[in-house]
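The values are calculated or read from the model by the stated rules, or taken from the named source; none is laboratory data. As the structure is a computational prediction, the values presented were derived from the model and not from experiment. Cβ placement follows ideal geometry from the backbone for every residue including glycine, while neighbour counts extend to all protein chains displayed.
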Amino acid sequence: MKRRLETHAGWVLTLAALGGALGAFLLPPIPQAPGYHAFADGRSLAGVPNALDVLSNLPLVVLGAVGLVRCRRGGDPGRLKALFFATVLLTGIGSSLYHLQPNDDTIVWDRLPLSVMSVALFGAMLAERVSLRAGRIVAWGAVIAGPASVGYWRWSELRGAGDLRPYGYLQLFPVLLIVLLLILRPEGGMRAKTFAAAFGCYAAARAAELLDAPVLAWTGIVSGHTLKHLLAAVAVGYLLALCPSRAAAVRREASP
């Protein structure tokens, strides 16, 4: 049975993705929580409002740029990985701009790259383990579907009936698909242990986000949201393992 599932991994993942999408849209609309933009740490530093929430995005910008440079020479699979790291870079920039003045207009710049990020990562890993063509379709499809989901949320919010279902699905469900992919095809590319470490940091970042004010009250230094940004950067640091080594890049360039 396991061998059969491995053989038909593409179909299993497709059915899982469609089932997840159906389940998401059977849910009632998910509005943005009231007071979403009221973060715990509003302290300024050197004239920068909400300074730690703004500046804690810098590691994402740096790691995104590093991954983008390291992956751009990796051929077609490398370009898919470079797309993921480009979304990390843009998320760091967009989140910084958002936290300077948090509101429904500025959060669009944060959510646009985030809506593509998880699907781009899934597409890059799919290209390595199942099919380059499937990885391309998924990753570049996300470039269209992601911004469309953010546009739909903003349109629905302006109508007084905000709905985050499409955006939430594109951001969260691909992570579960990656876990399923690693179970079906454990060999190839980045090791499952490395992704497990990245996934652990991602889960911790989500938990920290929910404990924004309690973390600030406990530490007296950083809020849960600032910690979320830093933990997310650690997760991206693990994902740099996606990038081809320098030696592999040199061999690829030297080959006819």
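Given (1) of a type in the set (D, E); (2) free of Cβ contacts under 8 Å to residues at least 60 places away in the same chain; (3) farther than 26 Å from A65 by Cα, identify the lone condition not met by E209.
Failing condition for E209: (3).
Which numbered condition in (1) modelled with pLDDT under 95; (2) surrounded by fewer than 17 Cβ atoms within 10 Å (Cβ to Cβ); (3) over 16 Å from the mean Cα position of the chain (by Cα) is the only one that W218 fails?
All conditions are met except number (1).
Condition check: modelled with pLDDT of 90 or more and surrounded by 15 or more Cβ atoms within 10 Å (Cβ to Cβ). Does S56 satisfy that?
Against the criterion (modelled with pLDDT of 90 or more and surrounded by 15 or more Cβ atoms within 10 Å (Cβ to Cβ)), S56 qualifies.
Return the residue satisfying two criteria in turn: it lies in segment 27-53 and is among the aliphatic types (A, V, I, L, M) and over 25 Å from S149 (Cα atoms), and of such residues it is surrounded by the fewest Cβ atoms within 10 Å (Cβ to Cβ).
Step one: filter segment 27-53 for residues among the aliphatic types (A, V, I, L, M), giving 27, 30, 33, 38, 40, 45-46, 48, 51-52.
Pick out the ones that are also over 25 Å from S149 (Cα atoms) and you get 40, 45-46, 48, 51-52.
Details: A40: 18, L45: 11, A46: 6, V48: 15, A51: 18, L52: 23.
In this case the residue turns out to be A46.
So, of the residues in segment 169-215 that are of a type in the set (K, R) and closer than 28 Å to L22 by Cβ, which turns out to be surrounded by the fewest Cβ atoms within 10 Å (Cβ to Cβ)?
So the residue we want is R206.
In the list R154, R136, which residue meets the criterion of being surrounded by 14 or more Cβ atoms within 10 Å (Cβ to Cβ), over 14 Å from D104 (Cβ atoms) and not hydroxyl-bearing (S, T, Y)? Give the steps one after another, and end with the answer.
Values: R154 fails: over 14 Å from D104 (Cβ atoms).
It is R136.
Of the residues in segment 119-162, how many are in contact with a Leu (Cβ under 9 Å, 6 or more places away or on another chain), within 23 Å of L182 (Cβ to Cβ) and in contact (Cβ under 8 Å) with a residue 60 or more places away in the chain?
So the count comes out to 9.
Is it fair to say F39 is out of contact with any strand residue (DSSP E or B) (no Cβ under 9 Å at 6 or more places or on another chain) and either among the hydroxyl-bearing types (S, T, Y) or under 20 Å from L177 (Cα atoms) (or both)?
In short, no.
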